[in-house]
Amino acid sequence: MKVDGKSYRTVWLKPDAQHIVQVIDQTQLPHRFEVKDLLSVGDVRTAISSMTVRGAGLIGASAAYGMYLAALEAPSAGFRESLMQAGQTLKATRPTASNLAWAVDRMLVAICTGASAEERRTLAKSEAIAIADEDVEHCRRIGIHGKGVIAALAEKTPGKVIQILTHCNAGWLAFVDIGSATAPIYAAHDAGIAVHVWVDETRPRNQGASLTAWELSQHGVPHTLIADNAGGHLMQHGLVDLVITGADRVTRCGDVANKIGTYLKALAAHDNHVPMFVALPSSTFDFSMRDGVRSIPIEERDAGEVRYVSGQTAQGTIESVRICPPGTVARNWGFDVTPARLVTKLICERGVCDASEPGILSLFPERRLLGRDDG
Ligand code: MRU
């Protein structure tokens, strides 16, 4: 993906100092584009919990690089225990997205095949890079499959601009590159299909306004920012052809945890016969869970994110202002769960499937026998 014409990923190893992880500081966007150095697994932990890096795919890839830094830091004696401890603390930073624990566990398995501490450090580096590369490749393939969905709609209505609504940021900023929900949009736009995106602002942190609007503008995709509550109205008036969101965790039966407010968009889409697509790489599935509402852990964040909003003043400074009386009590759930029955299709790197256990297993047959039946 390009920022002002220059290619970037969201996380990478510093070219001339491979013991340093570099990330785009997403807390500064869209006002400032800054790259931050992460020097230790502790820095990576802080970057994830402070939302310097965020989004399911990116926190997974960042955690993988964090495990590489943990391997560099670990003493040769007690190496394994030190890595296990680092993995636990990384996993504890954010509970909802599957990708974080998935990446840490994959790193631990890869690292532990090494015979010496030195070999383990080499394996840690190559596995972190492999996870990041795979994330990009999976998003690219999601784009190809999702473009087919948009192209089919465009063929039915020649000359019409396809109107897509998205929530939060499941774009390239939420992954290593390309994104999940945005991948079909970028692929369709690049293929010359006329698309326009309704961007939900996504309170309380406004990832739609600050991140999705920014990256769509970097790519030249026509879009319009709307208040979170506008989507239902637009759907009632025929102004949305399809909804595409990302996901933070999807159960083996197709229940989708995504940014808070996704469920309300899915209800409005269902009521108005607007198809609701969810795009995700396989690392976002949790094949051990069935009932998402009952089982998926929902992160509750600092209430200050509800009570305050931050933005740029006319003077160019970034400030945070309170929007409620000083003593108002607030609660801040980060995600909600959309039941599978409200999801039209899932778009994965292996293809498009029903949001149901048979649908998902048709793409992932190797998972048929692996589920813990908690439903
Ligand atoms: O809290 P965030 O910003 O890390 O939330 C993640 C999201 O942006 C969304 O829920 C997104 O749709 C899924 S991440 C691919």
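In table form, for the structure just shown:
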read-out: Selected residue [open to solvent by 10 Å² or more (accessible area, probe 1.4 Å) and over 16 Å from Arg94 (Cα atoms)] from Ser40, Ser50; value: Ser40
read-out: Breaking point among (1) away from the ligand (no atom under 15 Å from the Cβ); (2) touching a residue at least 24 places away in the same chain (Cβ under 8 Å); (3) open to solvent by less than 10 Å² (accessible area, probe 1.4 Å); (4) in contact with a Leu (Cβ under 9 Å, 6 or more places away or on another chain), for Ala63; value: (1)
read-out: Test: residue in the range 296-304 that is more than 19 Å from the chain's Cα centre (by Cα) and within 14 Å of the ligand (Cβ to nearest atom); value: yes
read-out: Among the candidates Arg301, Arg294, residue that is open to solvent by 50 Å² or more (accessible area, probe 1.4 Å) and either touching a residue at least 40 places away in the same chain (Cβ under 8 Å) or not aliphatic (A, V, I, L, M) (or both); value: Arg294
read-out: Those residues of the range 82-140 which are outside any loop (DSSP other than H, G, I, E, B), hydroxyl-bearing (Ser, Thr, Tyr) and open to solvent by less than 20 Å² (accessible area, probe 1.4 Å), in sequence order; value: Ser98
read-out: Checklist (1) within 11 Å of the ligand (Cβ to nearest atom); (2) surrounded by 23 or more Cβ atoms within 10 Å (Cβ to Cβ) applied to Asn206, failing item; value: (2)
read-out: Filter pass, Ile162 being open to solvent by less than 20 Å² (accessible area, probe 1.4 Å), touching an Asp or Glu at 6+ places or on another chain (Cβ under 7 Å) and touching a residue at least 24 places away in the same chain (Cβ under 8 Å); value: yes
read-out: Meets criteria (within 22 Å of Ala213 (Cβ to Cβ), in contact with a strand residue (DSSP E or B) (Cβ under 6 Å, 6 or more places away or on another chain) and in a loop (DSSP other than H, G, I, E, B)) for Val53; value: yes
read-out: Gly254 within 28 Å of Phe287 (Cα to Cα), away from the ligand (no atom under 13 Å from the Cβ) and in a loop (DSSP other than H, G, I, E, B); value: yes
read-out: Residue among Asn169, Asn229 that alone is outside the structural domain of Ala74 (by TED's automatic domain parsing), assigned to a helix (DSSP H, G or I) and either surrounded by fewer than 22 Cβ atoms within 10 Å (Cβ to Cβ) or within 12 Å of the ligand (Cβ to nearest atom) (or both); value: Asn229
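The values are calculated or read from the model by the stated rules, or taken from the named source; none is laboratory data. None of the values given here were measured: they were computed from a predicted structure. Heads up, the Cβs are rebuilt from the backbone with ideal geometry, glycines too, and the neighbour counts pull from every protein chain shown. Just so you know, the surface numbers come from the protein's heavy atoms only, side chains and all, with ligands and any DNA or RNA stripped out. Shrake-Rupley method; radii C 1.70, N 1.55, O 1.52, S 1.80 Å.
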